[in-house]
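S.K.: Just passing along the structure, written as structure tokens.
Please treat every number below as a calculation from the coordinates, not as lab data. Keep in mind that this is a model prediction, so the values were computed, not measured. Methodologically, a virtual Cβ is constructed for each residue, glycine included, from the backbone with ideal geometry; neighbour enumeration extends over all protein chains shown.
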Amino acid sequence: MKYLVLLIGDGAEKPWTEQTEDEQGASMAKFGDFDRACTEHDGVELLAGEALSGPRDATVMRRTSGHVELTDGPYAEVIEGMGGFYLMEAPDLDVVVELLQLLPPYDIQIHPTVDVTL
């Protein structure tokens, strides 16, 4: 099954720009550990994953009555924006949760995808 994993915030006790180089390195090492654990786990594949820019860079697009409206900023007023995402294939939710514990302490949303065959 495929899962979309949304990483909320920056996953640290303090913002990235306020961390020392050692703290930043320790955070990045956790992403490497996660990647290796996914690679080594049977039935798990990282299909995509990226860090995202801050919420101020987001654009919301709405289509109403044939018109497109663009709004600067995230969809909703939030204190913390989305920090990144993964799209991964895994046997079940338990495996996903187990592996995600290797990442820095983000708030995380996990969404199973819907398999739509045309």
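S.K.: Report the net charge of residues surrounding MET1, where surrounding means a beta-carbon distance below 14 angstrom and charges are Lys +1, Arg +1, Asp -1, Glu -1.
M.R.: In short, -4.
S.K.: GluC sites (Glu not before Pro) within the stretch 42-118: which are DSSP loop residues with at most 10 other Cβ atoms inside 10 Å?
M.R.: Sites meeting the loop and neighbour criteria: GLU77.
S.K.: Right, something else. Quick one: dipole size for the chain, taken about the Cα centre, charges +1 on Lys/Arg Cβ and -1 on Asp/Glu Cβ, in debye to the nearest 20.
M.R.: Dipole about the Cα centre, nearest 20: 520 debye.
S.K.: Expressed as a rounded percentage, what relative contact order does the chain have, with Cα pairs under 8 Å and six or more residues apart?
M.R.: With pairs under 8 Å counted, the relative contact order is 49 percent.
S.K.: Using a 10 Å cut-off around each Cβ, can you sort THR17, THR117, THR39 from fewest to most neighbouring Cβ atoms?
M.R.: Neighbour counts put them in this order, fewest first: THR117, THR17, THR39.
S.K.: Further question: Could you give me the radius of gyration and the Dmax of the chain, taking only the C-alpha atoms into account and expressing both in angstrom?
M.R.: 16.5, 52
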